[in-house]
1. What is the residue count in the stretch 389-417 for residues that are modelled with pLDDT under 85 and in a loop (DSSP other than H, G, I, E, B)?
2. Does GLY69 satisfy being at pLDDT 60 or above and either over 21 Å from ASP277 (Cβ atoms) or under 43 Å from the mean Cα position of the chain (by Cα) (or both)?
3. If a residue must be charged (D, E, K, R) and touching a helix residue (DSSP H, G or I) at 6+ places or on another chain (Cβ under 9 Å), how many such residues does the stretch 575-593 contain?
4. Out of curiosity, is ARG504 in contact (Cβ under 8 Å) with a residue 40 or more places away in the chain, surrounded by fewer than 16 Cβ atoms within 10 Å (Cβ to Cβ), of a type in the set (D, E, K, R) and farther than 23 Å from GLY255 by Cβ?
5. Give the residue that is modelled with the lowest pLDDT, with candidates limited to residues of the stretch 452-481 that are of a type outside the set (S, T, N, Q) and touching a Leu at 6+ places or on another chain (Cβ under 9 Å).
6. For PHE490, state whether it is at pLDDT below 90, aromatic (Phe, Trp, Tyr) and outside the structural domain of PRO535 (by TED's automatic domain parsing).
7. Any chance the stretch 50-57 includes a residue that's at pLDDT 80 or above, in a helix (DSSP H, G or I), farther than 18 Å from MET239 by Cα and touching a Leu at 6+ places or on another chain (Cβ under 7 Å)?
8. Collect the residues in the stretch 85-94 that are surrounded by fewer than 18 Cβ atoms within 10 Å (Cβ to Cβ) and farther than 11 Å from PHE220 by Cα, keeping them in residue-number order.
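The values are calculated or read from the model by the stated rules, or taken from the named source; none is laboratory data. Just so it is clear, the model here is predicted, and its values are computed rather than measured. Glycine gets a Cβ as well: all are built from the backbone with ideal geometry, and neighbour counts include every protein chain shown.
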Amino acid sequence: MSKRNLALATLMSVLLAAHGLAAAPPAAPAPANDLKGKLEAVTVYRGQALVTRVVDVTGAAGLREIVVGDLPPAIDPNNLFAESSDSIEVRSVLYRERPVDQDVRADVRKFDDQIRDLQDKLAGVQRSRQVVTDQQAYVAKLEQFVAPTATVEMTKGVLNAETLKTVSLFILDQRKTLADQDLKLGLDLRNLQEQLSTLQRQRDQIAQQSARTVREAVVFVNVKPADAANAPKLRVRYMVSNATWDPSYNIRANGKGAVNLEYNAAIQQQSGEDWTDVAMTLSTATPSLVARAPQLDPLLIGLTAGGKIGDEMDYAEVQQNFGQKKAQLEQERNRAGNGANFGANFSQSNANAPGGPPGMNRDGLQAERDLNEVAGQQQLAELLAKPSGKERAGGKIASDSEVISVTYDLTARTSLPSRSDRQLIQVATVPLKGEFYKVAAPVLTNYVYDQATLTNEGKMVLLAGPTSSYMAGQFVGNGQIPTIAAGESFVVGFGIDSSLRVSRERVEKADAIQSGSRVLSYTYRLTVQNFAGQPATVRLMDRLPSTRENVKETDVRVTLDPPTVPPLSTDADYLRTERKQGILRWDVQVPAAATGDKAYTLDYKFKIEYDKQMAITGMPAAAAK
């Protein structure tokens, strides 16, 4: 028994005796059980996963040491803990490693055995080839002996022609035989080397790290007598790295207004442990394991003589420069504090700094102090910062896709081997309702696109991710969707409608001077051709020039004149958003077979008025926002 376990047992006996419950000296703990258990559940986060393993504890009641082996190489020892239950009381959890001769994973051992067999065969071929090389050298030496000897015997008149013929034929035959053997052994050697290289690549694919080390959790428990005969279950949980997932979608429309969204998860895990038949959960939460918010310290300021405010950053620069530093320190605080919060190693609590918050070790407390210091520097810089063009721009918070926390429980149990490639698992199929329409923007392209505004009427949040769109079973293209909350609408494209074409041309321009102002008048024509045998409703889009923010409306005036025929769309969303930005939209009905001279046309006019001493110049779209 270890000193620590003996101390725990002694302490228990003292406590029982103090309450009059100890009738006999405590029994020694039962021998350690070496168990592996079975994987029960896995929660996959972005970059890591929480694995739950269930171990059946058999044997006598009382103090026991349970050794849970075959833990994966990617385990985080600081995030290992065991869960008490009504039948088992967990006293302590210890993580340990020890080297072994063979890889502990069965699939890796299989490759190791095959590689070892090939290496033995390679060694055999190389030895055989060396023998052939030695034989070839011997034949060469024999040839060098025979030729001079024959010459000497010829001069003396004692040459035996039959013997010389026999020896010469033997040398030639040996040369051919040995050359054939050398060629065959060379081919065998090359094939074995190729097979060995393939096996090594396959092994490396499934074994990212060496598993010639046994990783174990040593759990000291107290099994209650009433439950010992029923093999109570011990749950061991641990975090592993090298695991992540990303969403992707297939959006299928049947061409009759019905849409199904297939929500998929591309999961990759190289933890070194196969997840076989587990209950899997996908989560975007950050398992920081620090439940307490960082403590806010006072901000102290003072005055200094001769201070001058001159070269400070503006507000947007302050937010950008300090935001990244704070995010990094917050991650360090979470990593430093998670050991004590998991409760795996009770010794962590002894590392708490004097006067520090509960559940936070020295490293976590230092990271929290650094976080307060950087936040104080940021707040002081904000007090001195120059005004920026947009005060709110610098203080922009992270997008929904960065901060939203959602969890998906997969309905069926799942198996996922540890390997490098991404594996696709379907999370759910969501029926969607939407409005289909056709969009044409001839200032950008001559094509007309099918689109739909879909509404997420379910309770599931759709994370930002790539989409593949299908119409009537045919693939039509790829796209992206942002993070969509329950009840929120979003736009999905369904590719080009090949039966429609659009074009745009300027048909008239007039230039006049009126009361010191230059007035430019334009007429544009938008044309839609419909090659299909049925009419089509098209959202026809164009735009008016708009001014930058620092240009007064009285300096440059852009007006649509006169009202267009047909009138602009009356859609409420369009009028509230795009119309105010100078975007024009007409919802037009294009007749069937409207091509050539019968094509649908729409003319509109607008005017630009500005000081005649000035000139119009362009600007990037981003600068106008």
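1. Count: 10.
2. Here the answer is yes, as GLY69 does meet what is asked.
3. Step one: filter the stretch 575-593 for residues charged (D, E, K, R), giving 576, 578-580, 585, 587.
Among the residues that remain, those that are also touching a helix residue (DSSP H, G or I) at 6+ places or on another chain (Cβ under 9 Å) are: 585.
Number of matching residues: 1.
4. On the way: in contact (Cβ under 8 Å) with a residue 40 or more places away in the chain: yes; surrounded by fewer than 16 Cβ atoms within 10 Å (Cβ to Cβ): no; of a type in the set (D, E, K, R): yes; farther than 23 Å from GLY255 by Cβ: yes.
The answer is no for ARG504.
5. Here is the first cut: in the stretch 452-481, the residues of a type outside the set (S, T, N, Q) are 452, 454, 457-466, 470-473, 475-477, 479, 481.
From what's left, touching a Leu at 6+ places or on another chain (Cβ under 9 Å): 452, 454, 457-458, 462, 481.
Working: ALA452: 91, LEU454: 92, GLU457: 85, GLY458: 82, LEU462: 90, ILE481: 90.
Only one residue tops the list, namely GLY458.
6. Details: at pLDDT below 90: no; aromatic (Phe, Trp, Tyr): yes; outside the structural domain of PRO535 (by TED's automatic domain parsing): yes.
Against the criterion (at pLDDT below 90, aromatic (Phe, Trp, Tyr) and outside the structural domain of PRO535 (by TED's automatic domain parsing)), PHE490 does not qualify.
7. Taking the stretch 50-57 first, the residues at pLDDT 80 or above are 50-57.
Now narrow it down to the ones that are in a helix (DSSP H, G or I): none.
Within the stretch 50-57, not a single residue is at pLDDT 80 or above, in a helix (DSSP H, G or I), farther than 18 Å from MET239 by Cα and touching a Leu at 6+ places or on another chain (Cβ under 7 Å).
8. SER85, ASP86
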